[in-house]
Amino acid sequence: MSSPIGQKISQTPTLPRTARSIVSIGAGGIVRDAHQPAYEKANFSVTGVFDPDLEKARKLAADFHIPRVFDSLPQAVEASEGAIFDVAVPASALLELLPQLPDGAHVLIQKPLGESLAEALAIRDLCRAKKLKAAVNFQLRYAPFVIGARHLIDSGAIGDLHSIDLRVTVQTPWQLWSFLQDIERLEILYHSIHYIDLVRSFFGEPKGVLAKTTKHPACPQLAPTRTGILFDYGEELAANIVTTHGHDFGQRHQESYIRWEGTCGAIVARMGVLMDYPTGTEDVLEYCSRQEGVSPEWVTVPLEGTWFPDAFVGTMASVMRQAEDPSQTAVTDVEDAFRTMAVVEAAYESSERGATPIPSG
């Protein structure tokens, strides 16, 4: 499939010239379902794993042929000079874990960067003090359909980008993640954060946000799982996020998409993994490039991978590229990730402040 200017539509990240070894800190579901399958596809070598639950670590090692299981974090650090530390632990554990890594280490941290802006600030300052070359795993930027959409936009296929719309209406099995059951912040911090980060990657820093996040009656024991966020980018650009995770009425009217609109075309991507999670459906990428005197026609781009696991190659590859060339900066480094956390915090503050009262007659 070619773009309107005759170029192949890119869908894959730039890989390092020489891949470094990886040590996994954490052996939970996201590591099993996404990190390890992605690294296998990219021929990245995972040389060891540590998890406080040693049985879980041993099972992961057996299933993915990881040669070593470490009994402790200090043992993992001592035996892993020059490796990339792939840290996939609950955000609440980061401030205790990161100080134990070697100064100057290369680290990929699973999102979010802490559970509040105060924690994000402390983590950022800690990374600065230890000179950690750290990035955060905002891997949606590297999903094949996002790389493809960015290529189309950069090629001019849809003209000047002016609108980004993200909508998710699905049934999410929150019970799969035990650490989410009793936290105060859920949907924005652990899910819509991906979309906030994606909007920033296209439009830069917003002036502010208007947001509301609410509980769902089907799961009143959880923190809010429904969210609406409007970004303020002035009068020329529009971006919004609308999510609900309790649509338990079959797939017919479920939604999971990103829509980019420009002055002469549009792009729509379906995020299939979110529908019927964790089984998922197919990802889809389509675009329409309007031409003078020709009726609009949508073109489907054959995809060469999926968000899960392929996008996880991109974030790790960016850390590896920085490791081999210190002049490079990982796209989702801690400094950039902190700005995403600042927007997350603004969304929660907006939700707590409430709406503008309706004027009385």
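Values in this text are rule-based calculations from the coordinates and carry no lab data. Quick caveat, the model's predicted, so the values are computed rather than measured. Here the Cβ positions follow ideal geometry from the backbone for every residue, glycine too, while neighbour counts run over all protein chains shown.
Worth a mention:
- Take the convex hull of the alpha carbons in the chain; its mean projected area over all directions comes to 20.8 nm².
- Centroid-to-centroid separation of the stretch 128-202 and the stretch 17-55 [C-alpha atoms, Å]: 21
- The chain - share of DSSP beta bridges that are antiparallel (%, nearest 5): 60
- The stretch 292-361 shape via C-alpha gyration tensor axes, a/c threshold 1.5: oblate
- Gyration tensor (alpha-carbon) shape descriptor, the stretch 103-187, a/c threshold 1.5: oblate
- For Arg252 and Glu352, the difference between the fully extended length at 0.36 nm per residue and the C-alpha to C-alpha distance is 32.7 nm.
- Expected 222 nm ellipticity per residue - DSSP helices of 4 or more, -39500 (n - 2.57), all of the chain, to 500: -8000 deg cm²/dmol
- Listed residues Gly314, Gly305, Gly250, most fluctuating in the chain (Gaussian network, C-alpha, under 10 Å): Gly250
- Alpha carbon centroid spacing (whole Å) that separates the stretch 272-331 from the stretch 60-94: 28
- Radius ratio Rg over Rh of the stretch 141-311, counting only Cα atoms, Kirkwood formula for Rh: 0.98
- Top of Val313, Val107, Val89 by mean-square fluctuation, Gaussian network on the chain, Cα under 10 Å: Val89
- Degrees between helix 193-203 axis and first principal axis of the chain (Cα, 0 to 90, nearest 10): 60
- Charge dipole (Cα centre; +1 on Lys/Arg Cβ, -1 on Asp/Glu Cβ; no other charges) of the chain amounts to roughly 180 debye.
- D (Stokes-Einstein, µm²/s), Kirkwood Cα radius, the stretch 244-296, 1.306 mPa s at 10 °C: 124
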